[in-house]
Amino acid sequence: MSAKLTIGATLALLLAGLGGVVIRVRTADAQPFASSSTESVAGQLTRVNDVAPVFALVDQSGATVTLEQFRGRPVIVTFAYAHCETVCPLVVSDVLLARRRLAAQDPVVLVVTLDPWRDTPSRLAAMAERWGLSGDAHVLSGEPDDVERTLNAWRVPRVRNERTGDLVHPTIVYVIAPNGKIAYVVNGFATMIQAAVEAL
């Protein structure tokens, strides 16, 4: 019975997240992409002070990356996978746009794959190039069990279609303070990410 409740709760979270993406795509043409003040969205932020789960994954250059190595700098952590053509490109694009707007804060970007079976370390360089990752922007993968443990520790809901390999997942962006703790969890909009980093 508890397993059914857990599955039901996970699916409800996923549907809520995807509903936001549908609304976002439908209204994309209705709103200009002009840079707006982050003051209006800063009031929507809720500060948390949670310990960030540890991980050690491989990036596009073959280096092992941990969150600890970026202590002293803000870090933006999100989750995506190469075969996704809907949610993931939007999230990565928004994260990178926020990063460009935050030159003074110089945040690190970490994109953890949701699909370590296909997004193997040997494919990360092509993913980084396709997504336009440069400088301190890393796409991370590793052994599937290691990545799955990381996703679970970061509470990333997802449902995998075992036949196609595709995943249903919401947009989640964590903003990590320079002290290494999770400061904010936001929905992926560039202005919201920017406001969260500026509020650190």
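What follows is calculated from the coordinates using simple rules that are stated; it is not laboratory data. For clarity, every value in this text was computed on a predicted model and none was experimentally measured. Here the Cβ is made from the backbone with ideal geometry for all residues, glycine too, and neighbour counts use every protein chain on show.
Worth a mention:
- Projected label points at Thr164 and Glu148, each 7 Å from Cα along the beta carbon direction, are separated by 2.1 nanometres.
- Counted by neighbouring Cβ atoms within 10 Å, the residues Trp131, Trp117, Trp154 run from fewest to most as Trp117, Trp154, Trp131.
- 3J(HN,Hα) along region 141-154, derived from phi through the Karplus expression 6.51 cos²θ - 1.76 cosθ + 1.60 where θ = phi - 60°, amounts to 8, x, 4, x, 5, 5, 5, 4, 4, 5, 4, 5, 5, 8 Hz, with x in place of Gly and Pro.
- Chain lengthening between Ser93 and Lys181 when straightened (0.36 nm per residue, less Cα-Cα): 29.3 nm
- Counting Cα-Cα pairs of region 47-200 in 5 Å increments starting at 0 gives whole-percent bin shares of 2, 10, 21, 24, 23, 14, 5, 1, 0.
- Computed from backbone phi, the HN-Hα couplings of region 56-66 come to 9, 10, 9, 9, 5, 9, x, 7, 7, 10, 10 Hz, rounded to whole numbers (Karplus: 6.51 cos²θ - 1.76 cosθ + 1.60, θ = phi - 60°; Gly and Pro given as x).
- Which of Asp115, Asp145, Asp136 has the fewest Cβ neighbours within 10 Å, and the rest in rising order: Asp145, Asp136, Asp115
- Length gained when the stretch Ala63-Asp136 is fully extended (0.36 nm per residue, less Cα-Cα span): 25.0 nm
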